[in-house]
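The values are calculated or read from the model by the stated rules, or taken from the named source; none is laboratory data. Just so we're clear, the structure is a prediction, and the values are computed from it rather than from any experiment. Glycine gets a Cβ as well: all are built from the backbone with ideal geometry, and neighbour counts include every protein chain shown. Areas reflect the complete protein model, heavy atoms only, side chains present, ligands, DNA and RNA absent. Shrake-Rupley method; radii C 1.70, N 1.55, O 1.52, S 1.80 Å.
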Amino acid sequence: MDLEHKFCRFDAERVQVQGTSIEGYASLFGATDQGNDVVAKGAYAASLGKLAEDGRRVKMLWQHDPAQPIGVWDDVREDDRGLYVKGRLLDSIDKGREAAALIEAGAIDGLSIGYRTVKATKNDKGRRFLTEVELWEVSLVTFPMLPTARVAAKGDDPADAMLRDLAGAIERARCHLSGG
């Protein structure tokens, strides 16, 4: 089973990091991402309910690598804006300390969800509306897909923005070629 990924760049309003604590939005409802997808309010409800019923949690991974968990999400829920997450980077492991340092330096500025589409519709312009998804994980990532949500970080300059735009174009092309 192939998982899909959806990205959201950190934003001072959306994601806050203090030490090893991290909280904010991993997905925003109604926002069209660079893959031409829109997540509908309520899309995560069934999946989150099933996880709670089974006593399982959404995983916190590094760059979608299942071999690299870097923390735990203590709270994952939908609200009126999107998918809210709150958790802790594990400073007892090297990758957790590395992630905290990279976030603080502005080198990492995004969250991305790993999910499987359960229900979706497509309009005549090719936009896909995700109405139910099975959420597996929320990762810290280098290149987020939702450009309107971003963090003001140390070292932000026009060259960084150009690299992010280029990465977004590459991701859009990859999604287009893979049919996602």
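Worth a mention:
- Residue pairs whose Cβ atoms lie under 8 Å apart, sitting 6 or more positions apart in sequence or on different chains, and linking a residue in the range 23-52 that is under 20 Å from Gly126 (Cβ atoms) to a partner that is assigned to a helix (DSSP H, G or I) and not basic (Lys, Arg), are Gln34/Gly168; Gln34/Glu171; Gln34/Cys175; Gly35/Glu171; Gly35/Cys175.
- Every residue from the range 56-74 that is among the aliphatic types (A, V, I, L, M) and either farther than 14 Å from Ala100 by Cα or without any contact (Cβ under 8 Å) to a residue 40 or more places away in the chain (or both): Val58, Ala67, Val72
- Filter result (open to solvent by less than 50 Å² (accessible area, probe 1.4 Å), at pLDDT 70 or above and among the acidic types (Asp, Glu)) within the range 5-55: Asp33, Asp37
- Residue that is nearest to the chain's Cα centre (by Cα) [pool: residues in the range 104-139 that are charged (D, E, K, R) and in a loop (DSSP other than H, G, I, E, B)]: Asp109
- Among the candidates Ala169, Ala159, Ala153, residue that is modelled with pLDDT under 50 and under 19 Å from the mean Cα position of the chain (by Cα): Ala153
- Residue, nearest to the chain's Cα centre (by Cα), within the range 85-101, restricted to residues that are surrounded by fewer than 17 Cβ atoms within 10 Å (Cβ to Cβ) and in contact (Cβ under 8 Å) with a residue 12 or more places away in the chain: Lys86
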